[in-house]
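Everything below concerns the one structure shown next.
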């Protein structure tokens, strides 16, 4: 398997001078291609911070953080943008633009890639059909339920066939059935595309979808559980 993420001796600090506070301590972690990993831990333990570092949304300061065999520590903004093109992001708040339809929200993810408008539209519709929203292509977010909005967010994350998907509490606002449907959908589509998934969650109902469960507490990876 291809190693997608390789982290060695990673520390992270917020603030400067007397206000400087360390939030991640000596993180060592690797994620393989096609692997579904769940990261658990108490609120404030640094899970979202670590996820945003992996996704190139924050700049790592020390140690080594390689994504797709490219070092992010000390990387230029243009190098980081190239890496981000290979990553899909799913957040609890959906982050859908209210002024755009479901299809237009999904299609936005293809703007950094070399697709014609016609091809981008076709791919976006096909991905919405794959997540069960073929009849909601032209709906605006306000006309969609919470579960449907999260399905749009999944379609947006996966439409460009990323090498990795990072999901931060993707089921937090959903009921049990919607949460299960969303995670199984994410798992199935990602397996078809062969990409790596990292899910940050407090939701114990979805742990069985993981190949591996890791725990972050007080900024430290404390244990790792291989699931059967």
Discussion item. As a test of the formula, what do you get for the chain when each DSSP H run with n ≥ 4 contributes -39,500 (n - 2.57) and the sum is divided by the residue count, at 222 nm and rounded to the nearest 500 deg cm²/dmol?
Written reply: -9000 deg cm²/dmol
Response to the item:
Most exposed first, judged by fewest Cβ atoms within 10 angstrom, 151, 136, 84 run 84, 136, 151
Fill in: Highest average packing first - 74-81, 30-37, Cβ atoms within 10 Å
30-37, 74-81
Response to the item:
Note on segment 21-119: alpha-carbon gyration tensor, axes a ≥ b ≥ c; rule is a/c under 1.5 for rounded, else prolate if a/b larger than b/c, else oblate; result prolate
Worksheet item: Which order do 38, 5 fall in if you start with the one that has the fewest other Cβ atoms within 10 Å?
Response: 5, 38
Practice prompt. Provide 91, 25, 12 in ascending order of the number of other Cβ atoms located within 10 Å of each residue's Cβ, fewest first.
Written response: 25, 91, 12
Worksheet item: Arranged from highest to lowest average of other beta-carbon atoms within 10 Å per residue, in what order do the peptides 161-174, 99-112 appear?
Response: 161-174, 99-112
Practice prompt. Any chance you could check the Cα centroid distance between segment 1-44 and segment 164-180 for me, in angstrom?
Written response: 21
Worksheet item: Using the Cα gyration tensor of segment 101-228, with a ≥ b ≥ c the square roots of its eigenvalues, what is the shape: rounded (a/c below 1.5), prolate (a/b larger than b/c) or oblate (neither)?
Response: prolate
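Sort segment 169-216 into rounded, prolate or oblate with this rule: let a ≥ b ≥ c be the square roots of the eigenvalues of the Cα gyration tensor; rounded if a/c is under 1.5, and if a/c is not under 1.5, prolate when a/b is larger than b/c, oblate otherwise.
oblate
Every number here is computed from the coordinates shown, using simple stated rules; none is lab data. Small disclaimer: the values here were computed from a predicted structure and weren't measured. A quick note on method: Cβ atoms are made from the backbone with ideal geometry, for glycine too, and the neighbour counts reach across all protein chains shown.
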